[in-house]
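Bear in mind that the values in this text are calculations on the coordinates, not laboratory data. Computed from a predicted structure; not experimentally measured. Cβ: placed from backbone, ideal geometry, glycine included. Neighbour counts: every protein chain shown.
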Amino acid sequence: MISVKPPPEGFEPHPMLAPHYASKPEKERFLRGIFDRSAPYYERIVSWGFFGLGQRYRLKALKLRSGLKAGMKCLDMATGTGPTARAVAQVAGGPQYVTCIEPSFGMLSESRNLLEAAHIQGTADDIPLRSEIFDFMTMGFALRHVNNLANTFQEFHRVLKPDGKLFIMDAVKPPARMGLWLYKIYFRDVLPKLTRLLTGSHEAVHLMEYYWETMDQMVPAKTVLEALRVAGFVDVKYQLIMGCFCEYSATKPL
């Protein structure tokens, strides 16, 4: 691996979330464990948890706003069970154009069963691949789980080819008061209860509870945009979609 300059302080996606963990190593162990144990239930949660609209949104975003084109060599970071990678494969022209990286072995195993693409276990801040090999890179609903935004974006910059495109999708608290109230009620109160009812998994419920905490404590968009610029990206943009989804796009300069 090519070494990168240590990132500036202050680019953590959210503060340490006690009682889950109190340090970055504890955070990594916590996340890997809870995602491993929740993996068998995750496809169900991401499907009905977004009322069946999640995959439709991913495809539309990738087709219309991401810069992804057929034949591009693509990396999907923090693949999970693979919903974003499957959408990327549809737009790029097939799974042969997609490489999936995911820290959780359980999630990686589930994704392998659903998409015949290359799958590699690894983390966003230490990608186990050589530099400048991808035309396009995406991350779907996982930015809140990295250790440091600037360090992560340095790695994204490293593995992209010059003029390579980065596209990040995530959930965000709505700016309007009523929208924020509904968003909070759903993700904090309703979704964990639905997860318990439909999966019977304590770990899956715990993951959904933790999801809300990361959404609630996530740094503002301006911090993410600044971290992208610090990492060397240009044409950095942010877009709010339907009041509760956000998209970041950026380009590695020639």
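Kirkwood Rh, the chain, all Cα pairs: how many Å?
Result for the chain stands at 18.3 Å.
Provide His14, His157 in ascending order of the number of other Cβ atoms located within 10 Å of each residue's Cβ, fewest first.
The order, fewest Cβ neighbours first, is His14, His157.
Which whole-Hz couplings ³J(HN,Hα) result when phi for each residue of segment 104-114 is put into the Karplus expression 6.51 cos²θ - 1.76 cosθ + 1.60, θ = phi - 60°, listed in order with x for Gly and Pro?
The phi angles translate into 7, 5, x, 5, 4, 5, 5, 5, 4, 6, 10 Hz.
Could you tell me the center-to-center distance, by alpha carbons, between segment 189-254 and segment 10-73 in angstrom?
Their Cα centres are 7 Å away from one another.
Given a 10 angstrom Cα cut-off, can you work out which residue in Leu180, Leu115, Leu62 is the most mobile in a GNM of the chain?
Checking each option, the largest mean-square fluctuation is seen for Leu180.
Using only alpha-carbon positions, what ratio does the radius of gyration of segment 3-80 give when scaled by 2.2 N^0.38 Å?
The value comes to 1.48.
List, in order, the whole-Hz ³J(HN,Hα) value for each residue of segment 123-138 obtained from phi through the Karplus relation with A = 6.51, B = -1.76, C = 1.60 and θ = phi - 60°; use x for Gly and Pro.
Calculated HN-Hα couplings, in order: 10, 5, 9, 7, 6, x, 9, 6, 7, 6, 10, 10, 7, 8, 9, 9 Hz.
Please list, ordered by chain and number, the residues whose modelled amide H lies under 5 Å from the amide H of Thr99; skip anything fewer than 5 residues away on the same chain.
Cys74, Leu75, Asp76
Please say if segment 22-135 is rounded, prolate or oblate, where rounded means a/c under 1.5 for a ≥ b ≥ c the square roots of the C-alpha gyration tensor eigenvalues, and otherwise the choice is prolate for a/b larger than b/c and oblate otherwise?
Taking the square roots of the gyration eigenvalues as a ≥ b ≥ c, segment 22-135 is oblate.
Rg/Rh for segment 119-254: what does it come to with C-alpha atoms and Rh from Kirkwood?
My calculation of the ratio gives 1.02.
Label His206 and Arg44 with points 7 Å out from Cα along Cα→Cβ: what is the distance between them in nm?
Taking the simple label geometry, His206 and Arg44 are separated by 1.8 nm.
Need one number: nm distance between label points at Leu17 and Leu64, each 7 Å from Cα along Cα→Cβ, rounded to one decimal.
My value for the distance between the label points is 3.0 nm.
Connecting C-alpha atoms closer than 10 Å in a GNM of the chain, tell me which of Gly33, Gly82, Gly106 has the biggest fluctuation.
Looking only at Gly33, Gly82, Gly106, the biggest GNM fluctuation is shown by Gly33.
Which order do peptides 97-103, 45-51 fall in by mean Cβ count within 10 Å, highest first?
97-103, 45-51
Mind pulling the per residue volume of the convex hull built on the Cα atoms of segment 80-119? Å³ is fine.
Enclosed volume per residue, from the Cα hull, is 48 Å³.
Between Arg196 and Glu132, 0.36 nm times their residue separation minus their Cα-Cα distance comes to what?
Working it through step by step, the gained length comes to 18.7 nm.
For the chain, what is the mean residue ellipticity at 222 nm derived from helices alone (per DSSP H run of n ≥ 4: -39500 (n - 2.57); sum divided by total residues; nearest 500 deg cm²/dmol)?
-13500 deg cm²/dmol
Rounded to the nearest 20 debye, what is the charge dipole size of the chain about its Cα centre when +1 sits on each Lys and Arg Cβ and -1 on each Asp and Glu Cβ?
The calculation lands at about 640 debye.
What's the longest bit of the chain with no exposed trypsin sites (Lys or Arg not before Pro), using DSSP loop states and at most 14 other Cβ atoms within 10 Å as the test?
Details: sites that count: Lys69, Arg130.
Longest run free of exposed loop sites: 131-254.
So what J values fall out for segment 186-201 if you push phi through Karplus, 6.51 cos²θ - 1.76 cosθ + 1.60 with θ = phi - 60°, rounded to Hz, Gly and Pro as x?
Karplus values, whole Hz, x for Gly and Pro: 5, 6, 7, 10, 7, 4, x, 5, 4, 4, 4, 5, 8, 10, x, 9.
Using alpha-carbon positions, what is the distance between the centroids of segment 122-186 and segment 75-103, in Å?
The two parts, judged by their Cα centres, are 14 Å apart.
Excluding same-chain residues fewer than 8 positions from Lys69, which lysines have a Cα within less than 27 Å of its Cα?
Answer for Lys69, where 27 Å is the Cα cut-off: Lys60, Lys161, Lys165, Lys237, Lys252, listed by chain and number.
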